[in-house]
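Have a look at the structure below, then the notes.
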């Protein structure tokens, strides 16, 4: 089972080196985010072509292909082509690293290829499960995964529409899903990984699927996701965002509280 992981890391690493070279020219390290999601998209093909094209391998391929493809397109279209300016996270790192920025970003880009190997594991385990297909675990797993992908897409669309509206400049988005969670896109991205956990039930390697939701929650909630987004929002929205923090749950959707 390790060979598909090695192949995916090698492909993702090659892509990240090319994107790093492009980021040096454009002074925009945000391409690393596209590289990670595109690496996950490539790993879906690796899973399929290193399997015996079992129906469950097609299932794992389809879910991972759809999720990563949507995310890669969203990052490419909305963050890199439209916004063009480097994300504040990477501006801060560039300023902190100074003359060593390009060298340090090179290793940062490559590290994302290793994460591809980590996060492709749940779908790989699903593709290797040998029980009769389909069963209830497959069906419920697909329902959870597709529901999560749809929720993440809706949240991204609602936020994009809010930002396009001139009347909302300087305000905090509380439309739709954003009225129940300050980061519904992150919540649904995390929820998607539980689909593989369900689809893999019955496999002797099932415990490895927990790597997806556990590490994704760690990254989104405490490392690269929520903390950065909250800092940026407080800087740009000030008291309006502080009130939003008091009334709306940070991650798991729930009814708003009175501020």
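So the values come out like this:
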quantity: Values of log10 I(q)/I(0), in the order q = 0.12, 0.13, 0.15 Å⁻¹, for the chain under a Debye, Cα-only, solvent-free model; calculated: -0.76, -0.88, -1.13
quantity: Residue of 128, 231, 27 that the Gaussian network model of the chain assigns the largest fluctuation, springs spanning Cα pairs under 10 Å; calculated: 231
quantity: Segment 1-128, Rg to Rh (Cα coordinates; Rh as Kirkwood inverse mean 1/r); calculated: 1.04
quantity: Ranked packing of 137-143, 194-200, most packed first, by mean Cβ within 10 Å; calculated: 194-200, 137-143
quantity: Which of 218, 59 has the fewest Cβ neighbours within 10 Å, and the rest in rising order; calculated: 218, 59
quantity: Scattering curve values for segment 1-72, log₁₀ I(q)/I(0), Debye with Cα scatterers, q = 0.14, 0.15, 0.21, 0.22 Å⁻¹; calculated: -0.46, -0.52, -0.85, -0.90
quantity: Degrees, to the nearest 10: 88-97 long Cα axis against longest axis of the chain; calculated: 90
quantity: Whole-Å semi-axes of the ellipsoid equivalent to segment 154-259 (Cα gyration tensor, √5λ, descending); calculated: 31, 14, 12
quantity: Ranking of 215, 252, 119 by count of other Cβ atoms within 10 Å, fewest first; calculated: 252, 215, 119
quantity: Highest average packing first - 46-54, 62-70, Cβ atoms within 10 Å; calculated: 62-70, 46-54
quantity: Normalised alpha carbon radius of gyration of segment 80-129 [divisor 2.2 N^0.38 Å]; calculated: 1.64
quantity: Along principal axes, Cα extents of segment 61-189, largest first, whole Å; calculated: 54, 42, 23
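Every number in this text was worked out from the coordinates using simple rules, so none of it is lab data. From a predicted model like this one, the values you see are computed outputs, not experimental measurements. As a convention, Cβ positions derive from the backbone with ideal geometry for all residues, glycine included, and neighbour counts pool all protein chains shown.
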